[in-house]
Amino acid sequence: MLNDIKKDADSRMAKSVAALKTELAKIRTGRAHPSLLEHITVEYYGTEVPLSQAANLSVEDARTLSVVPFDKSMVQKVEKAIMTSDLGLNPATAGTNIRVPLPALTEERRTELTKVVHAEGEQAKVAVRNIRRDANHQLKDFLKEKELTEDDVRKGETLVQQLTDRYVGEIDQLVDAKCRELMEI
């Protein structure tokens, strides 16, 4: 019973950290990386699909992404999807190849992005703490039902707290690494 609660909390906390990694990957650092465009969706034969399923994404150089749609008729739709995204990018089309130059980040924009990174990290920490709270409630419910002893509950709370500390530390490391990456010139 104790192990089940611990495993459940561990897997849920790991998912929270994975979600944070996904969110941090979307925040651009001035370097070209195909993951910047992964969350963009484009209409492909009547359905919205991720850009990576409608086009080949690659890095041309340090500040330029190359997008080649699988279907030549999709070039205009893909270009429009990139342009209207929240990334503020202006693609340039040359035949079927769409080049997406990434502008250099200003110091002001870098500090804005570090604030966004810290906010994402705080949301992940809140999620981990909520999971801790849920696990502790489960332990106390088992105590009320007399399925666990008070010693088992204390031991369980200690294990859950250790998990929480580990995942919060991991979140802090991810946030610090992303902030350092953002502030590099």
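Results, tabulated for the structure shown:
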| quantity | calculated |
| --- | --- |
| Whole-number D in µm² s⁻¹ for the stretch 34-101, Kirkwood Cα-pair radius fed into Stokes-Einstein, 20 °C, 1.002 mPa s | 184 |
| Helix 150-183 axis, angle to the chain major axis (alpha carbon atoms, nearest 10°) | 20 |
| Kirkwood Rh and Cα Rg combined as Rg over Rh, evaluated for the chain | 1.15 |
| Charge dipole magnitude, Cβ of K and R +1, D and E -1 - the stretch 74-178, Cα centre, debye nearest 20 | 380 |
| Cα-centred dipole magnitude for the chain, charges only on beta-carbon of K, R (+1) and D, E (-1), debye, nearest 20 | 180 |
| FRET efficiency estimate (nearest 0.05) - Cβ-Cβ, ALA19 to LYS72, R0 22 angstrom | 0.05 |
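Values in this text are rule-based calculations from the coordinates and carry no lab data. Bear in mind that the values here come from a model prediction, so they are computed numbers and not experimental data. Note that we place each Cβ from the backbone using ideal geometry, even for glycine, and neighbour counts take in every protein chain shown.
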